[in-house]
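Quick note: the coordinates plus some simple rules give every number you see, no bench work behind them. It should be emphasised that the depicted structure is a prediction, and the values quoted were computed from it without experimental measurement. All Cβ positions, even for glycine, are placed from backbone atoms using ideal geometry, and neighbour counts span all protein chains on display.
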Amino acid sequence: MRYNNSIDLNDRNKSHTRIIGLVPERSRVLDVGCSTGFLGEYLIKEKKCVVDGIEYDEQAGAIASKKLNGFIRGDVEDDRLINNLNGKTYDVIIAGDILEHLKDPSGLLRKLSKFLSDNGKIILSLPNIAHFRIRANLLLGRFEYTEEGIMDSTHLRFFTHDTAKRLITDSGYTIVHEEHTLGPRIGALSLLENILPKKLFAAQFIFVIKPVIS
């Protein structure tokens, strides 16, 4: 497992912490790219939610299948997999740190809209490629992948704040709430957070979105 699946509600700079806070109690939840099911397990135990999950990785999926109320293993971009939801609807669909791994993130968002309940919402998180650390490295001629984080080597897509919002609106949604997490703070540079645009220091953007009613 490459990712740290622990939950620390005191750490507001973790996207999972922010996502948990945005899920109402007793919601019907679909966690897309659920990894080991750690987030869904918390929602089931602490917020009395009913949680289904989808995960591509076989090892992670084997763990998630034992924790969640329902589980499907496979590629979320495969239409056959989405059809396995059999007409279920959800109050909340979570797409945490998943869209940047996809060939067609807009396509998935469009497909997911039909699985939302009447007042349902999607909570998604995306890494910020325009974080000041990445900008500084580019100025120095560096664009190097890492094992995890913003420059994760498995990312197929990169998003700034503006392109993330464009992805959402172009996919037929409106943004109803927005938050961001911060990366590690460096001494005096943290003072600049109150002066410069906040999105310059954002490590991840968290959006709550709902389909546009036509």
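Annotations
- Counting only residues at least eight positions apart within a chain, or on another chain, the aspartates and glutamates with an alpha carbon under 19 Å from that of Lys111 are Asp31, Asp52, Glu55, Asp75, Glu77, Asp78, Asp79, Asp91, Asp97, Glu100, Asp170.
- The mean sequence distance of close C-alpha pairs (under 8 Å, at least 6 residues apart), as a share of the length of region 1-107, puts its relative contact order at 26 percent.
- Percent RCO, i.e. relative contact order, over the chain, from Cα pairs under 8 Å lying at least 6 residues apart: 19
- Interchain or long-range residues, amide H under 5 Å from Lys121's placed H: Val92, Ile93
- With 0.36 nm allotted per residue and the present C-alpha distance subtracted, the Val176-Glu46 stretch has 44.3 nm of extension available.
- Distance from the alpha carbon centroid of region 2-69 to that of region 108-124 works out to 17 angstrom.
- If R0 is taken as 30 Å, the Cβ-Cβ distance between Asn86 and Asp11 corresponds to a FRET efficiency of 0.25.
- Members of Lys14/Lys48; Lys14/Lys121; Lys47/Lys103; Lys114/Lys199 lying beyond 24 Å, as alpha-carbon distances in this model show: Lys47/Lys103; Lys114/Lys199
- Over the Cα atoms of region 68-142, the radius of gyration divided by the Kirkwood radius equals 1.12; this is the Rg/Rh ratio.
- Share of alpha-carbon pairs per 5 Å distance bin for region 90-185, given as whole %: 2, 11, 22, 24, 17, 12, 7, 3, 1, 0
- Projecting the Cα atoms of Asn10, Gly87, Ile98 onto the dipole axis of the chain, where Lys and Arg carry +1 and Asp and Glu carry -1 at the beta carbon, places Asn10 farthest toward the positive end.
- Mean residue ellipticity (222 nm) of the chain, computed from DSSP H runs ≥ 4 via -39,500 (n - 2.57), nearest 500: -7000 deg cm²/dmol
- Summary value for region 1-50: 37 percent relative contact order, contacts being C-alpha pairs under 8 angstrom separated by 6+ residues.
- Percent of beta bridges antiparallel (DSSP, the chain, rounded to nearest 5): 45
- Percentage of interatomic Cα-Cα distances in region 1-124 larger than 16 Å: 58
- For the chain, the percent of C-alpha pairs falling in each 5 Å distance bin, counted from 0 to the bin holding the largest distance, reads 1, 7, 15, 19, 21, 17, 11, 6, 3, 1, 0.
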